[in-house]
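Read the figures in this text as sums done on the coordinates, not as results from a lab. The structure displayed is predicted, hence computed values, not measured ones. Counting neighbours? That spans all protein chains shown, and the Cβs are built from the backbone with ideal geometry, glycine included.
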Amino acid sequence: MRAEKVREAAYRMRHHALNMGEAQGQGYVGQALGAADMLAAVYADQLRYRADDPHWAERDRFLLSTGHYAIGLYAALAEAGIVDVAELDSYGSDGSRLPMSGMASYTPGMEISGGSLGHGLTVAVGMALGLRHQGSSARVINFLSDGELDEGSTWEAAMGASHHGLGNLIAMVDINALQADGPTVGVLRTEPVADKWTACGWHAQRVDGNNVDALLNAFDNVRSEPVGVPSVILCDTRVGRGVPLLENREKAHFMRIDADEWQICREQLTAGHEGALV
Amino acid sequence: MTSVAPLKTSAMIASFADPGQKTTPAPFGHALVQAARADERIVGMTADLGKYTDMHIFAREFPDRFFQMGMAEQLLFGAAAGMAETGLVPFASTYSVFATRRAYDFICLDIAEPNLNVNVVGGLPGLTTGYGPSHQATEDIAIFRGMPNLTIVDPCDSVDIEQAVPQLAEHPGPTYLRLLRGNVPTVLDEYDYRFELGKAKVLRDGADVVLISSGLMTMRALQAAEQLSAHHVDVAVVHAPTIKPFDAETVLAQVDSDRLVLTCENHTVVGGLFETVASAAVRRGIVKQITPIGLPDEFLAAGALPTLHDRYGLSTTQIVTTVLAQL
């Protein structure tokens, strides 16, 4: 039943992402579709929060390092009841609380300003240390991308988290194998990814990031405790997941979708979801 | 003819105290301990330079409130931001060169943009080591002045540091302290002076010359003023330890006169106190020649600190010479 709840949330979030993309005429829709299952697992199953009190002191912290994935997080915040669904139409518009790159000062439920990559895990380490220091049982979950593994600061933070025994810290890496200049393998080779995290002292699991059962199983394997071993869930995902038209399009960091294609995307998403239900 | 043996480059952190001068040991470390006793939000962090930034005093007193982040400055300041997000008040120390040059993006976006109460403590500001450009933060103020929300403090001595620390902790936004560590000269106790964040103070009046100074150069300016009185030159000294936000009111009241005006800073003449004073004057429509005493716009040599201060114009003798040449 948990998995069903997460799958339904992910389905609605993908629709939100397509609607936001259409309203703006562009956006990081491919990433939002690819990461929807990861974000749904977090918001519909894992995260402890109060929708009516985003600053509740005992909340788990979800840190989005990859500011451009904000479209995906806005969909999750709508699904979580922190942002109204109707507000999603303002994505990327002047005066909106939902800018193209996620920023804490704009959006309720947004813990940090991402965008300059390689920051999120360093801040997450401090939050996890600070929460533990003050006796909180809240967890910190940092969402990062495989492109962010290029940044040296990510590895400073990986070593620091392990050194300080941050068992209250979970990293989720979206491995979509794509970065701004092209496929990750050609930009800067990051594999073997799991070995690197393990070598830094982390408990590492690698799963199909578009398989909800696998994601929930991975979370169940995480032993969250104030003093322990930090955990990373490495999630192989597919850009554009759930919409065959986009899954099969030439992969691009910033995916171009023509005006007449949005409806086709929605129909494919719905058909795929209903097919999966049968 | 007698030859004088050249001075040797001393330890990385050379003392700039004059022989026999009154000093106070580790004023920052002791002040932080003092502040932390009154405010349990305060925590200490460092990037493998605790012993060299007097943070070890705090670590010894509060081992549970001290966090060693390793030689990883990006992590140091990102994590300091994360700690502040949970309600703590971190003082995070490293050398100024690493804070400014290496961790700028993290201080800027994770600390200054969300306006968090993180206190960046930078050792070896300006020319306070003979180790050469890798350790001489000659342009730290220039780098940090453009960062919105960041308060910049350049203390003169142990009195300034002791009084500044609790005010930095109390200030809700981020701060940068140009740390003086080890046996730090104690100078301002001789004057009717209190450190006030954001305020400049006139330490002495003078009819002929105005020296506007910050940091350790205030100590030198006061010494120069004494020596110049022997030349029958009456020198005022204005100490401006808060570089940003700048107390233009107090400083410009002194600039706007018939007296000779000079600025004195332990920093390159680009982007520091001199340009802060000059731009404030121009904004007020004050047309006035202001002469900078500061480090040249170049990478500096290695060597013994007294030699270097003399070569680059920061020594008391050089200040006296520069003032006399201007009169």
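So which of A:Ala75, A:Ala104 is of a type outside the set (Phe, Trp, Tyr) and part of a loop (DSSP other than H, G, I, E, B)?
Working: A:Ala75 fails: part of a loop (DSSP other than H, G, I, E, B).
So the residue among A:Ala75, A:Ala104 that is of a type outside the set (Phe, Trp, Tyr) and part of a loop (DSSP other than H, G, I, E, B) is A:Ala104.
Could you check segment B:81-99 and list, in sequence order, the residues that are more than 19 Å from B:Leu179 (Cβ to Cβ) and hydrophobic (A, V, I, L, M, F, W, C)? Steps first, answer last, please.
From segment B:81-99, those more than 19 Å from B:Leu179 (Cβ to Cβ) are B:81-88; that's our starting set.
Across segment B:81-99, the qualifying residues are B:Ala81, B:Met83, B:Ala84, B:Leu88.
Here is a check on your reading of the model: is A:Leu234 of a type in the set (A, V, I, L, M), in contact with a helix residue (DSSP H, G or I) (Cβ under 8 Å, 6 or more places away or on another chain) and assigned to a helix (DSSP H, G or I)? Show your work before the answer.
Values: of a type in the set (A, V, I, L, M): yes; in contact with a helix residue (DSSP H, G or I) (Cβ under 8 Å, 6 or more places away or on another chain): yes; assigned to a helix (DSSP H, G or I): no.
Considered against the rule, which asks whether it is of a type in the set (A, V, I, L, M), in contact with a helix residue (DSSP H, G or I) (Cβ under 8 Å, 6 or more places away or on another chain) and assigned to a helix (DSSP H, G or I), A:Leu234 comes out as no.
As an exercise: evaluate A:Ser116 against (1) assigned to a loop (DSSP other than H, G, I, E, B); (2) within 20 Å of B:Ile107 (Cα to Cα); (3) more than 10 Å from chain B (Cβ to nearest Cβ) and give the number of the one condition it does not meet.
Going through the list (1) assigned to a loop (DSSP other than H, G, I, E, B); (2) within 20 Å of B:Ile107 (Cα to Cα); (3) more than 10 Å from chain B (Cβ to nearest Cβ), A:Ser116 breaks only (3).
Would you list the helices (runs of 4 or more DSSP H) that sit entirely within segment A:152-225 and hold 2 or more residues that are within 14 Å of chain B (Cβ to nearest Cβ) and touching a Gly at 6+ places or on another chain (Cβ under 9 Å)? Spell out how you get there, then give the answer.
On the way: elements: A:152-163, A:184-187, A:193-199, A:212-221.
The qualifying helices (runs of 4 or more DSSP H) are A:152-163.
Return only the number of the condition from (1) buried (at least 23 other Cβ atoms within 10 Å of the Cβ); (2) at the interface with chain B (Cβ under 9 Å from one of its Cβ atoms); (3) of a type in the set (D, E, K, R) that A:Arg139 does not satisfy.
(2)
For residues in segment B:241-276 being out of contact with any strand residue (DSSP E or B) (no Cβ under 6 Å at 6 or more places or on another chain), among the small types (Gly, Ala, Ser) and assigned to a loop (DSSP other than H, G, I, E, B), which is nearest to B:His309 (Cα to Cα)?
Ranking the qualifying residues of segment B:241-276, first place goes to B:Gly271.
Looking only at segment B:199-232, how many residues end up being of a type in the set (A, V, I, L, M), over 28 Å from B:Leu168 (Cα atoms) and touching a strand residue (DSSP E or B) at 6+ places or on another chain (Cβ under 6 Å)? First the steps, then the outcome.
Start the filter on segment B:199-232 by keeping residues that are of a type in the set (A, V, I, L, M), which leaves B:200, B:202-203, B:207, B:209-212, B:216-217, B:219, B:221-222, B:224-225, B:228, B:230.
From what's left, over 28 Å from B:Leu168 (Cα atoms): B:207, B:209-210, B:224-225, B:228, B:230.
If we keep only those that are touching a strand residue (DSSP E or B) at 6+ places or on another chain (Cβ under 6 Å) as well, we get B:209-210, B:225, B:228.
Qualifying residue count, segment B:199-232: 4.
Residue by residue, here is whether (1) surrounded by fewer than 24 Cβ atoms within 10 Å (Cβ to Cβ); (2) facing chain A (nearest Cβ under 8 Å) holds:
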| residue | (1), (2) |
| --- | --- |
| B:Glu73 | no, no |
| B:Gly78 | no, yes |
| B:Val89 | yes, no |
| B:Thr94 | no, no |
| B:Ala99 | no, no |
| B:Tyr104 | yes, no |
| B:Cys108 | yes, no |
| B:Ile111 | no, no |
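Can you tell me which residues in segment B:201-240 are in contact with an Asp or Glu (Cβ under 6 Å, 6 or more places away or on another chain), under 23 Å from B:Thr24 (Cβ atoms) and assigned to a loop (DSSP other than H, G, I, E, B)?
Selection gives B:Ser214, B:Gly215.
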